[in-house]
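**Student:** Right, I'll just put the structure down here and ask away after.
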Amino acid sequence: MSVAAIGADAHGHVDQLYVETRELRLQGFLLFLISDCVLFSSFIFAYLYLRNSGQGWPPPGIQRLDVAFAAWNSVVLFGSGATMHYALENFKHGNFMKYMRFLLATIVLGAGFLGGQAYEYNHLIFGEHVTWWGSGIFGASFFTLTGMHGLHVFLGVCYLTVLVLQSAAGVYTKGKFFGITAGTLYWHFVDVIWVVLFSIFYLI
Amino acid sequence: MNAQFVERLGAVIAGIAVAVVAFYALYKDWQSTGIENQVFKLMLALLGLGAVLALLAGLNVIGFTPPKGAY
């Protein structure tokens with residue numbers, strides 16, 4: 001099996017600028033993810049601090065969150081992480097059609113997760129009257145953290161949609177696909193943040 | 001068969017599938033080197049852990065389910 005040179009386009013021409021800046025771009029992207037991690041960490045630690053400084057959790061008058069639907073919705077998002085991983089692997093191995101299928105599956109699952117979250121918000125706000133503005137620390141922390149995560153998922157879905165369009169237009173080649181790598185890293189990051197949020201809101 | 005049962009069943013079946021896929025991908029990539037592959041390995045491990053947690057929640061081992069008619 002021939003291995004495409006890093007930075008080579010479909011005709012075998014090497015883009016020297018791409019070769020020289022790829023590592024720098026990767027480090028920059030990882031720093032972006034770390035900064036996002038710090039953002040989520042500060043909110044998560046604030047939530048945990050508030051949770052442990054009160055008298056019992058959840059506060060009186062508020063039920064604990066039901067885990068059944070959240071578990072199902074979480075698996076949908078985690079499944080999208082798996083499909084994204086295989087999308088990248090297939091692209092690396094030159095299976096373009098499989099790559100596109102896995103990428104589209106990731107977008108569908110990501111959108112499905114957002115739909116599930118909207119359903120849960122609807123149930124909480126109109127069914128149980130837990131709101132961001134009227135349920136104290138519990139409502140504020142839950143809607144802020146899950147809302148911020150949902151915004152990240154939404155942006156990720158937009159990013160992956162752009163990847164589909166770019167891939168269809170032939171922007172990425174076997175030796176030049178940093179955008180897909182960055183998309184995979186971002187999507188895995190969004191998944192991993194949800195592991196933490198799922199644990200602190202529904203499991204402990 | 002109520003909605004909660006279906007949600008739990010889905011979480012269990014899909015949780016097993018995702019955990020197997022994530023850990024198998026981690027196993028296959030174990031020898032890979034480079035900063036991005038190290039990050040991918042870490043994230044695959046956490047993804048597998050998340051799937052296991054969702055699976056356990058689906059099995060009612062962890063988490064909370066309100067009794068019927070609680071709300």
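The values are calculated or read from the model by the stated rules, or taken from the named source; none is laboratory data. Values in this document were obtained by computation on a predicted structure and should not be read as measured data. Quick reminder, even Gly has a Cβ in these numbers, built from the backbone with ideal geometry, and neighbours come from all protein chains shown. Heavy atoms of the whole protein, side chains included, go into the accessibility calculation; ligands, DNA and RNA do not. Shrake-Rupley method; radii C 1.70, N 1.55, O 1.52, S 1.80 Å.
**Student:** Counting only residues that are touching a helix residue (DSSP H, G or I) at 6+ places or on another chain (Cβ under 6 Å) and more than 14 Å from every other protein chain (Cβ to nearest Cβ), which one in the stretch A:30-57 is nearest to A:HIS149 (Cα to Cα)?
**Tutor:** Only one residue fits best here, namely A:PHE43.
**Student:** For the stretch A:187-204, which positions are in contact with a helix residue (DSSP H, G or I) (Cβ under 8 Å, 6 or more places away or on another chain) and open to solvent by 20 Å² or more (accessible area, probe 1.4 Å)?
**Tutor:** If the condition is that a residue be in contact with a helix residue (DSSP H, G or I) (Cβ under 8 Å, 6 or more places away or on another chain) and open to solvent by 20 Å² or more (accessible area, probe 1.4 Å), then A:VAL192, A:VAL196, A:SER199, A:LEU203 are the ones that fit.
**Student:** Do the conditions hold for A:PHE154, that is, is it among the hydrophobic types (A, V, I, L, M, F, W, C), under 21 Å from A:LYS174 (Cβ atoms), more than 14 Å from chain B (Cβ to nearest Cβ) and surrounded by fewer than 20 Cβ atoms within 10 Å (Cβ to Cβ)?
**Tutor:** no
**Student:** Quick one: A:LEU77 ticks every box in (1) modelled with pLDDT of 95 or more; (2) of a type outside the set (Val, Ile, Thr); (3) closer than 28 Å to A:PHE138 by Cα; (4) out of contact with any Asp or Glu (no Cβ under 9 Å at 6 or more places or on another chain) except a single one, so which number is it?
**Tutor:** Answer for A:LEU77: the failing condition is (4).
**Student:** Go over the candidates A:VAL171, A:VAL164, A:VAL157 one by one and state the one that is closer than 24 Å to A:PHE96 by Cα, outside any helix (DSSP H, G or I) and of a type in the set (A, V, I, L, M, F, W, C).
**Tutor:** Criteria check complete, one pass: A:VAL171.
**Student:** Criterion first (open to solvent by less than 10 Å² (accessible area, probe 1.4 Å) and away from every other protein chain (no Cβ under 14 Å)) does A:GLY175 satisfy it?
**Tutor:** Yes, satisfied.
**Student:** Tell me whether the stretch A:160-183 contains one or more residues that are aromatic (Phe, Trp, Tyr) and without any contact (Cβ under 8 Å) to a residue 60 or more places away in the chain.
**Tutor:** No; the residues of the stretch A:160-183 include none that is aromatic (Phe, Trp, Tyr) and without any contact (Cβ under 8 Å) to a residue 60 or more places away in the chain.
**Student:** Right, something else. Evaluate the stretch A:184-204: report whether one residue or more is more than 19 Å from the chain's Cα centre (by Cα) and outside any helix (DSSP H, G or I).
**Tutor:** For the stretch A:184-204, residues more than 19 Å from the chain's Cα centre (by Cα) and outside any helix (DSSP H, G or I): present.
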